[in-house]
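Visitor: One structure, as C-alpha cells, below. Some questions next.
The values are calculated or read from the model by the stated rules, or taken from the named source; none is laboratory data. All values reported here derive from a predicted model rather than from experimental measurement. Ideal geometry is used to build each Cβ from the backbone, glycine not excepted, and the neighbour counts take in all protein chains shown. Heads up: the accessible areas ignore ligands, DNA and RNA and are worked out on the full protein's heavy atoms, side chains in. Shrake-Rupley method; radii C 1.70, N 1.55, O 1.52, S 1.80 Å.
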Amino acid sequence: ASPDDALAWLRLGRAQIEAGDPTEALRSIDRAAEAGLQTPFLHIFAARALVRLGRTDDALDALEMIQPGPGGAGGATLTGVADFTALAEQPRFGAVVSALEEAAWPCRDNAESRQFDFWIGEWDVFVGGQQAGTNTIERMLGGCTLLENWTNAGGREGKSFNWVDRASFRDARWRQLW
C-alpha cells in the first residue's frame, strides 16, 4: 500500500470515531498501521476509539506507543482531547503527558538552558556614561534559544542567537551566532 493509502485509512478511522463507530475505526487504523504509517496520530486515534469502547487500559497502551521527540506536539495535545477525560486521573496518562511535554520542550525546565534568563528583557546600553544603544532579549524556539535584537545609537541593527550546545563538546557550552 502507498503512503496515500495509509493516510486515507487513518482519515477514515478518524471519521468513524467522529461518527460513533469505534469498532470500525480500529479496523481502519489497523489498516493504516499495516500500510506502514508511523505517526503519533495513529496511536491517538486508536486510543480514542478504545476509550469509546471502554477499553481504557488498551487506550493507555496505545498512547504509551507514541515516540516522544523534539518538535512533537507535546502532552498538552492529549489533555485537550475530550475522549481522554476518562483517562485524566490515571497515573499512566499523566506519565505519557509528562514524557511528551518534556520531549517537545526539552529546554523549558533545563537548568543549563536557563542560565542566561537574567538577560531577558529590554536594556538601554551605556558605555562611559553615553548611551551606546538598546538591546532586547527574548526566549524563542521553546526556550532553547535566546534572540538578541541590538540597535546602536546610530540606528544600525544586529541580531544574535544564543543557545546551549550539547553536541559539540564533552560539557555543554553556550554558543552565540551573530
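Visitor: Using the Karplus equation 6.51 cos²θ - 1.76 cosθ + 1.60 (θ = phi - 60°), what ³J(HN,Hα) coupling, rounded to whole Hz, does each residue of region 28-45 give in order, writing x for Gly and Pro?
Guide: 5, 5, 4, 5, 4, 5, 4, 7, x, 5, 10, 8, x, 5, 4, 6, 5, 5
Visitor: Further question: Return the calculated 222 nm mean residue ellipticity for the chain, to the nearest 500 deg cm²/dmol, obtained by summing -39500 (n - 2.57) across DSSP H runs with n ≥ 4 and dividing by the residue count. Walk me through the numbers before you get to the answer.
Guide: Values: 6 runs with 69 residues, N = 178.
Result for the chain, helices only: -12000 deg cm²/dmol.
Visitor: Oh, and also: Please state the relative contact order of the chain as a whole percent: Cα pairs under 8 Å, 6+ residues apart? The partial results should precede the final answer.
Guide: Values: 268 pairs, mean separation 19.8, N = 178.
Across the chain, relative contact order equals 11 percent.
Visitor: Probe radius 1.4 Å, ligands and nucleic acids ignored: give me the carbon and sulfur share of the accessible area of region 1-139 as a rounded percent. Walk me through the numbers before you get to the answer.
Guide: Details: 4270 of 8130 Å².
Of the solvent-accessible surface of region 1-139, carbon and sulfur hold 53 percent.
Visitor: So, one more: Please list, in order along region 106-123, the HN-Hα scalar couplings obtained from phi with the Karplus expression 6.51 cos²θ - 1.76 cosθ + 1.60 (θ = phi - 60°), rounded to whole Hz, x for Gly and Pro.
Guide: After applying 6.51 cos²θ - 1.76 cosθ + 1.60, I find x, 9, 4, 10, 7, 4, 4, 6, 9, 4, 10, 4, 4, 7, 5, x, 10, 10 Hz.
Visitor: Here is a follow-up. Taking H placed 1.01 Å from N in the peptide plane, check which residues at least 5 places from Val125 or on another chain put their amide H under 5 Å from its amide H.
Guide: Counting only residues 5 or more places away or on other chains, the set is Ala132, Gly133, Thr134, Asn135.
Visitor: Follow-up question, since we're still on this one. Around Trp174, which amide H atoms from residues at least 5 apart in sequence, or from another chain, sit under 5 Å from its own amide H, with H modelled in the peptide plane?
Guide: Under 5 Å from the amide H of Trp174: Asp165.
Visitor: Name the residue farthest towards the positive end of the dipole of the chain from the options Ala104, Leu60, Trp150, assuming +1 on Cβ of Lys and Arg, -1 on Cβ of Asp and Glu, about the Cα centre.
Guide: So the residue we want is Trp150.
Visitor: If you don't mind, another one. On average, how much accessible surface per residue is there in the chain, in Å², for a 1.4 Å probe, leaving out ligands, DNA and RNA? Before the final figure, lay out the partial values.
Guide: Working: 10930 Å² over 178 residues.
Computed with neighbouring chains in place, this is 61 Å² per residue.
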